[in-house]
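Everything on this sheet refers to the single structure shown next.
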Amino acid sequence: MNTSDGIISSGKLLVASPQHDLALIKLDKTIGSGRAVRLRYSEAQELETIYVCGHPEALAFSWSSGTIANANRILDPGVPNAPNCTLIQLNAAISQGSSGGPMFDQEGKVLGIITGQWQEGQNLNFAIPVSLLKELIDKSSNMEKTRKETGYRDWE
């Protein structure tokens with residue numbers, strides 16, 4: 001991982017959810033000096049204002065704003081590479097390279113994680129709800145607890 005101030009860190013995969021296009025990675029060293037990001041667990045609301053940050057086309061830390069177009073979008077199972085979950089559809093501008101970036105609400109809380117766009121349309125962009133990230137965090141915490149209880153050290 002590279003940060004905006006040039007710090008580079010590697011990490012280890014803690015837990016992944018390929019069907020939701022999510023993974024938790026533990027970095028080998030602490031990076032950044034800003035405040036912690038807060039997650040919002042309440043559902044997105046249609047027409048709610050949102051802000052997204054990503055690295056589209058290698059343009060680091062690019063911001064855009066928009067609204068929630070559909071808070072509970074389910075894509076047809078035949079859509080190639082689509083995450084297998086209910087998505088948040090948004091109309092903020094994203095491009096290739098934005099995936100994995102946060103989608104913030106007006107209070108600066110992370111509401112979703114950008115996952116992709118519908119190439120054949122315009123401003124048909126999607127995010128994974130942060131509630132699925134919380135499930136992954138909980139799974140990782142339970143795995144860590146089990147490792148400590150059993151003395152299993154493979155992940156340290």
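Considering the conditions (1) under 15 Å from Asn125 (Cβ atoms); (2) open to solvent by less than 100 Å² (accessible area, probe 1.4 Å); (3) part of a loop (DSSP other than H, G, I, E, B), Ala36 is excluded by exactly one of them, (1).
Conditions tested, residue by residue: (1) surrounded by 17 or more Cβ atoms within 10 Å (Cβ to Cβ); (2) under 26 Å from Ile25 (Cα atoms); (3) touching a Lys or Arg at 6+ places or on another chain (Cβ under 6 Å).
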residue: Thr49; (1), (2), (3): no, no, no
residue: Gly54; (1), (2), (3): yes, yes, no
residue: Leu59; (1), (2), (3): no, yes, no
residue: Thr86; (1), (2), (3): no, yes, no
residue: Ile94; (1), (2), (3): yes, yes, no
residue: Ile113; (1), (2), (3): yes, yes, no
residue: Gly121; (1), (2), (3): no, no, no
residue: Ile137; (1), (2), (3): no, yes, no
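Table: residues versus (1) of a type in the set (D, E, K, R); (2) at pLDDT 80 or above; (3) surrounded by 12 or more Cβ atoms within 10 Å (Cβ to Cβ).
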position	(1), (2), (3)
Asp76	yes, no, no
Val79	no, no, no
Gly101	no, yes, yes
Phe104	no, yes, yes
Leu132	no, yes, yes
Met143	no, no, yes
Thr150	no, no, no
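Please tell me if Ala127 is over 16 Å from the mean Cα position of the chain (by Cα) and modelled with pLDDT of 90 or more. Answer is no for this residue. In the condition set (1) modelled with pLDDT of 85 or more; (2) open to solvent by 60 Å² or more (accessible area, probe 1.4 Å); (3) closer than 18 Å to Ser131 by Cα; (4) not aromatic (Phe, Trp, Tyr), Asn70 is compliant with all but (2).
The values are calculated or read from the model by the stated rules, or taken from the named source; none is laboratory data. Being a predicted model, the structure only gives us computed values, none of them experimental. Virtual Cβ from ideal backbone geometry, glycine too; neighbours counted across all protein chains shown. When the accessible area is computed, the model is the full protein with side chains, heavy atoms only, and any ligands, DNA or RNA have been set aside. Shrake-Rupley method; radii C 1.70, N 1.55, O 1.52, S 1.80 Å.
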